[in-house]
Amino acid sequence: MANITTKETLLITPDLLKSPYQKIINASASVFDETHGRSFFSPQFYEKIEPYLKEVLTHPIDLECDLNTAKKKNRLTPLKQLFKACFGTEEILIVNNNTSAVFLIANALAQEKEIVVSYGELVGGDFNLKDILLSSGARLHLVGNINRAYLRDYRLALNKNSKMLFKTHNPAFQKDTPFKDLQALAKEHDLIDYYNLGDVDLLDR
C-alpha cells in the first residue's frame, strides 16, 4: 500500500461553495451560443414549475406507492400519462438524457439505413450529434451547409436506403426548413420523421 502525500490540500472555503458561474450579457453575433449555456428556460416557465418543485423536494410524496391499492407502482406512470396527453402520442419512453434518446431512436428505427440530416444541425461539443448517430449503426446523408438547408435539399437526398428525416432545434439557422414540411415529405415517401428538440421550452409548442 502506497502512502501518497500531496503538497496542496483543497480547503472548503465560503468562496468555493458559491456558484461557479456568473451571469453575463450575450454580445456575440449569435443568439444561440453553447459557450453561454444552451436553450434557457423562460422566467414564466420557472414560475409555473417552482411550486411543484418545492412540493416534491421538501415533502414525502406517493412516488412509488399506489394510494388506492397500497401496492408499489411504477414511478414513471403518471409522467408518461401526462406526456402522452401533452404530445398526443401513443407511447412515451423516458430516458436519462438526450444522448440516450437520440441513440435509442436511431438504433431502433434506422440501423444500417440512411438518416437524412442537415449539415448545420449536427451540433458538436460534449453532445456530438454526428458521433451519436453513427455509433447507433445508422448511416448519415448530409444536406445543406453550415446555416442553410432547404426542403429541396432533403428531397434530392432521398434514395432507396433512406429511412429517416432528422431535424435538430437550432435557432441560429438563417434558413430553416420547417419541421411540418419535413413531416409532409416523410409521409410522401413512407419515411420516419424525427425532431430532436433538445432542452427547449415546450410551453409555446
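The values are calculated or read from the model by the stated rules, or taken from the named source; none is laboratory data. All values reported here derive from a predicted model rather than from experimental measurement. Cβ placement follows ideal geometry from the backbone for every residue including glycine, while neighbour counts extend to all protein chains displayed.
Among the residues of the range 97-104, some residue qualifies, meaning at least one is of a type outside the set (Lys, Arg), more than 28 Å from Thr35 (Cβ to Cβ) and assigned to a helix (DSSP H, G or I). The set of residues in the range 83-102 that are of a type in the set (A, V, I, L, M, F, W, C) and surrounded by 13 or more Cβ atoms within 10 Å (Cβ to Cβ) comprises Phe83, Ile92, Ala101, Val102. For Glu91, the conditions (1) under 29 Å from Asn128 (Cα atoms); (2) modelled with pLDDT of 85 or more; (3) in a helix (DSSP H, G or I); (4) of a type outside the set (A, V, I, L, M, F, W, C) are fulfilled apart from (3). Of the residues making up the range 128-146, at least one is modelled with pLDDT under 90, surrounded by fewer than 19 Cβ atoms within 10 Å (Cβ to Cβ) and over 21 Å from Asp181 (Cα atoms).
Since Asp204 meets every condition but one in (1) surrounded by 10 or more Cβ atoms within 10 Å (Cβ to Cβ); (2) modelled with pLDDT under 95; (3) not β-branched (Val, Ile, Thr), which condition does it not meet? The failed condition is (1). Among the residues that make up the range 176-183, is at least one of them exposed (fewer than 15 other Cβ atoms within 10 Å of the Cβ), among the polar types (S, T, N, Q) and at pLDDT below 95? No, the range 176-183 contains no residue that is exposed (fewer than 15 other Cβ atoms within 10 Å of the Cβ), among the polar types (S, T, N, Q) and at pLDDT below 95. For the range 61-108, the candidate set comprises residues that are free of Cβ contacts under 8 Å to residues at least 12 places away in the same chain and basic (Lys, Arg); within that set, the residue that is nearest to Lys167 (Cα to Cα) is Lys84.
Taken over the range 109-166, residues that are touching a strand residue (DSSP E or B) at 6+ places or on another chain (Cβ under 8 Å) and in contact (Cβ under 8 Å) with a residue 12 or more places away in the chain amount to 39. Filtering the range 103-127 to residues that are surrounded by fewer than 15 Cβ atoms within 10 Å (Cβ to Cβ) and among the hydrophobic types (A, V, I, L, M, F, W, C) leaves Leu104, Ala108. Return a yes/no flag: does the range 75-85 have any residue that is touching a Lys or Arg at 6+ places or on another chain (Cβ under 6 Å) and farther than 29 Å from Val123 by Cα. No; the residues of the range 75-85 include none that is touching a Lys or Arg at 6+ places or on another chain (Cβ under 6 Å) and farther than 29 Å from Val123 by Cα.
Out of Lys80, Lys54, Lys7, report the one residue that is surrounded by fewer than 11 Cβ atoms within 10 Å (Cβ to Cβ), charged (D, E, K, R), modelled with pLDDT of 80 or more and not assigned by TED's automatic domain parsing to the domain that holds Asn147. Full working, then the answer.
Working: Lys80 fails: surrounded by fewer than 11 Cβ atoms within 10 Å (Cβ to Cβ); Lys7 fails: modelled with pLDDT of 80 or more.
Result of the check over Lys80, Lys54, Lys7: Lys54.
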